[in-house]
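Colleague: Input: one structure, supplied below.
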Amino acid sequence: MVSDTSLDELHAFAATLEIPERGFHRDHYDLPESYREQAIALGAMEVTSRELLHRMRAAGLRVRKSRDTSLGPVT
């Protein structure tokens, strides 16, 4: 699950679904299948992976491993 607006929006939506923070990975949350219908009912949109990446890049929210400094240096 991602946002095409902001990470604040993404975290708030995940909190509404009661998805724990440990489900967050740099720029997205892993969304268990059991949450899918509820997420859509609350306004989530199902898109293709290509559209998903396009929207994330356009919003400046796509984080690549090489840009992620929170995990320390990659060796």
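Colleague: Of the residues ARG55, ARG67, which is surrounded by 14 or more Cβ atoms within 10 Å (Cβ to Cβ) and modelled with pLDDT under 90?
Modeller: Checking each option against the conditions leaves just ARG55.
Colleague: Can you tell me which residues in the stretch 1-48 are in a helix (DSSP H, G or I), surrounded by 11 or more Cβ atoms within 10 Å (Cβ to Cβ) and under 13 Å from the mean Cα position of the chain (by Cα)? Break it down stepwise before answering.
Modeller: In the first step, residues of the stretch 1-48 are kept if they are in a helix (DSSP H, G or I); the result is 7-16, 21-23, 33-41.
This time we only want the ones that are surrounded by 11 or more Cβ atoms within 10 Å (Cβ to Cβ), so: 7, 9-16, 23, 35-36, 38-40.
LEU7, GLU9, LEU10, HIS11, ALA12, PHE13, ALA14, ALA15, GLY23, ALA39 - these are the residues of the stretch 1-48 that are in a helix (DSSP H, G or I), surrounded by 11 or more Cβ atoms within 10 Å (Cβ to Cβ) and under 13 Å from the mean Cα position of the chain (by Cα).
Colleague: Mind checking which residues of the stretch 45-69 are within 11 Å of ASP4 (Cα to Cα) and in contact (Cβ under 8 Å) with a residue 40 or more places away in the chain?
Modeller: Correct list: LEU52, ARG55, MET56, ALA58, ALA59, LEU61.
The values are calculated or read from the model by the stated rules, or taken from the named source; none is laboratory data. From a predicted model like this one, the values you see are computed outputs, not experimental measurements. All Cβ positions, even for glycine, are placed from backbone atoms using ideal geometry, and neighbour counts span all protein chains on display.
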